[in-house]
Amino acid sequence: MHGPPLVAWLLVALGAATAAYCLVRTRPGCPGTTREEREQRSAARAEALMGAGMAVMAVPVSALDQPPWASAVLAVVFGVAAVRSLLLVRRNAHHLHHAVGAIAMVYMTAAMEGAGGSAHAGHGAMGAPLLTGLLLLYFAVYVLAAGVRLVSVPVTPATGTAGAVAVRHAPELASACRVSMGIGMFAMLLTL
């Protein structure tokens, strides 16, 4: 990723923390799972993949020289994630956001690869300015809308053993993860 190393490391921390929390959300809360719980776990898996991908892509070039095949692997992984999300849109419209995020990751990987031979080596302008602008606009609107929804979500106190399950499935934490990943995507697109 281009830009100051401090910003890159903050994005790595944000992506890794979000991925870790989303992985915790994938664990079932009780033996009998409903369709809604399965859908929430599926969304959490997609968000964990996105957070992990953001963390990997944000590592500064000075810290880690990625192998030449790393960009291709990231592009394939997020291409498959985009197709999977598009196939799941009929069940839940939120998968459309996952598809846009995965497509943005493929786009950023391709733009960085095309600019300098490795995901981190390019200098100067990368990517198509119009597409970058559209993705920036999408993530800006998404973050603002999700932030407004986050402020309106009632917070329920968690206590005892049930508290750990409540925190794992807290809608306000899931929304906060989505907002933070949207901010991270916006910041990464700004560096193109």
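The values are calculated or read from the model by the stated rules, or taken from the named source; none is laboratory data. None of these values were measured; they are calculated from a predicted model. Note: ideal-geometry Cβ built from the backbone for every residue, glycine included; neighbour counts use all protein chains shown. The area values use the complete protein model at the heavy-atom level, side chains included, leaving out ligands, DNA and RNA. Shrake-Rupley method; radii C 1.70, N 1.55, O 1.52, S 1.80 Å.
The modelled label-to-label distance between residue 26 and residue 172, using points 7 Å beyond Cα along the C-beta direction, is 2.7 nm.
Quote to one decimal, in nm, the extra length available between residue 137 and residue 149 on full extension: 0.36 nm per residue of separation minus the C-alpha distance between them. Please list the in-between numbers first.
Details: separation 12, 0.36 × 12 = 4.32 nm, distance 1.83 nm.
This chain segment gains 2.5 nm when fully extended.
Working from label points 7 Å from Cα in the Cα-to-Cβ sense, the residue 37 to residue 63 distance is 3.7 nm. Accessible surface for residue 180 stands near 20 Å², nearest 10, in the context of the full protein assembly shown (1.4 Å probe).
With a ≥ b ≥ c the root eigenvalues of the C-alpha gyration tensor of segment 1-100, is it rounded (a/c under 1.5), prolate (a/b larger than b/c) or oblate? Please list the in-between numbers first.
Working: a/c = 2.69, a/b = 1.76, b/c = 1.53.
Taking the square roots of the gyration eigenvalues as a ≥ b ≥ c, segment 1-100 is prolate.
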